[in-house]
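S.K.: I have a structure I would like to understand better, so I am pasting it below and will then ask my questions one at a time.
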Amino acid sequence: MSVHAGAAARPGTEGMDALLALGEVVLLRAGEALPSAGPGLHRVVLLAAGRAVVVRDGRVVDRLEQGDVVGAFAHLDNWPAGAQVRADGALRVLVVDGRALVRAFVDAPGALAEVLGVLAHRMRPSRQAADPADVDAFLAAAVQEALAHRAVHHPYLRALAAGTLDGDRRLLADFALHYQGYSACFPRYLTTVIARSSAPAHRRALLENLVEESGVYGAEELAALAAVGVEADWVDGVPHPELFARFCAAVGVPADGSAPTPLEVICWRESLLGLLAHGSEAEAVGALGLGTETIVSTMYQAFLPLLARAGLSPRDAVFFPLHAAVDDHHQATLLAVARDLAGTAHGREGLVKGMRKALALRVAFWDHLWARAVQGA
């Protein structure tokens, strides 16, 4: 390994030029490890020319290219324990002391912000840093946690299924009054997550879910619905919020927006939208995927006995068996997106945070309806 002081001759912004002037260029041969970098060593290492690989246990788990950054400000890298970054052929890197960088811009915070912005833009966190088996185990544990959560096994849901509360029609009407303010916004939740998605493949997959929310089904989905007694003309071409409005009308609840939306519902949906819009991409997927779509088909099963006892026609009640039957596709899509995001520790943390926040919001909603049901509201 040879070391040369001086600036790398690469074009860039004024802030990046200043960054280059502060560093030293290091030339590496194939297989050589990059200079040690990390928060404890206060170094930034930028790949100026060439490529590198991230190796763990003798296996390449990620690849880096010109412009990628590791080091003190690249804290989102989250390479797995024991991983090393090595040159993949001839490589030139720029090594900058992070403390010197900050000192150089002490009187020019705007220029410092520009430099850090360039570094953040050039960071490329590894999506495949974790072992695939570890990712699968993480997702399985997350799904198990969600399905075992109080949001799925709430006393309110158990009581609806068992028929231990009086007034089946009253219970359905109260649920419809509250839930319609959440259900009507579901396409908005989904479009928010689509807008947050950084990968085109993720956006395309989630758009398929949005199409189904609009009431457009393929032959396979219609066959699955027919198998559980759902006729195509009940649902084909009918957006899901309209299906819920049909249910509301059947239990005597206006679905035209004339009824005031309960404050608890407003708090729930605004909190969820805030999480989807302002949390990380992984948090958004964790909330709508692991914390919502994963539990829907199981959760709605609790309503099927209640709907039968209340005597609703299958057409009027179709919103529930529809979601219990075809939401597997929505779940699979969001789980596939979550799997990609679970390749780093940072991504896994975001997925779990989003999931737990969404589950907690739903529990608070069930708590509210449970109190009203017991009180006979």
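S.K.: Across segment 181-199, which residue is modelled with the lowest pLDDT among those that are over 15 Å from the mean Cα position of the chain (by Cα) and outside any helix (DSSP H, G or I)?
M.R.: Among those residues, the one meeting the criterion is Ala184.
S.K.: Name every residue in segment 167-180 that is of a type in the set (Phe, Trp, Tyr) and within 24 Å of the chain's Cα centre (by Cα), in order of residue number.
M.R.: Scanning segment 167-180 gives a single hit, Tyr179.
S.K.: Right, Arg362: crowded, with 21+ Cβ neighbours inside 10 Å, in the same structural domain as Trp234 (by TED's automatic domain parsing) and modelled with pLDDT of 95 or more or not?
M.R.: Judged against the criteria, Arg362 is a match.
S.K.: Is it the case that segment 115-131 has a residue that's in a helix (DSSP H, G or I), out of contact with any helix residue (DSSP H, G or I) (no Cβ under 6 Å at 6 or more places or on another chain), surrounded by fewer than 16 Cβ atoms within 10 Å (Cβ to Cβ) and modelled with pLDDT of 90 or more?
M.R.: Checked against the condition, which is being in a helix (DSSP H, G or I), out of contact with any helix residue (DSSP H, G or I) (no Cβ under 6 Å at 6 or more places or on another chain), surrounded by fewer than 16 Cβ atoms within 10 Å (Cβ to Cβ) and modelled with pLDDT of 90 or more, segment 115-131 yields no hits at all.
S.K.: While we're looking at this one, here's another question. Val230: aliphatic (A, V, I, L, M), closer than 18 Å to Tyr300 by Cα and outside any helix (DSSP H, G or I), yes or no?
M.R.: In short, yes.
S.K.: Looking only at residues that are within 15 Å of Leu341 (Cβ to Cβ) and β-branched (Val, Ile, Thr) in segment 271-312, which one is modelled with the highest pLDDT?
M.R.: Val285
S.K.: Here is a check on your reading of the model: is Arg169 basic (Lys, Arg), surrounded by 14 or more Cβ atoms within 10 Å (Cβ to Cβ), touching a residue at least 24 places away in the same chain (Cβ under 8 Å) and more than 15 Å from Ala336 (Cα to Cα)?
M.R.: So Arg169 fits the description; yes.
S.K.: Something else about it: Report, ordered by the first and then the second residue, all pairs with beta carbons closer than 6 Å, sequence separation of six or more or different chains, a first member in segment 145-165 that is within 15 Å of Phe365 (Cα to Cα), and a second member that is at pLDDT below 95 and among the charged types (D, E, K, R).
M.R.: none
S.K.: Only one of these conditions is not met by Thr164: (1) within 27 Å of Arg269 (Cβ to Cβ); (2) touching a helix residue (DSSP H, G or I) at 6+ places or on another chain (Cβ under 9 Å). Which number is it?
M.R.: All conditions pass for Thr164, except number (1).
S.K.: Kindly check whether there is at least one residue in segment 237-252 that is loosely packed, with under 15 Cβ neighbours inside 10 Å and farther than 22 Å from Leu312 by Cβ.
M.R.: No; the residues of segment 237-252 include none that is loosely packed, with under 15 Cβ neighbours inside 10 Å and farther than 22 Å from Leu312 by Cβ.
S.K.: A further question on this structure: Of all residues being among the β-branched types (Val, Ile, Thr) and at pLDDT below 50 in segment 1-60, which is surrounded by the fewest Cβ atoms within 10 Å (Cβ to Cβ)? Just the residue, please.
M.R.: So the residue we want is Val3.
The values are calculated or read from the model by the stated rules, or taken from the named source; none is laboratory data. For clarity, every value in this text was computed on a predicted model and none was experimentally measured. We place every Cβ from the backbone using ideal geometry, glycine too, and count neighbours over all the protein chains shown.
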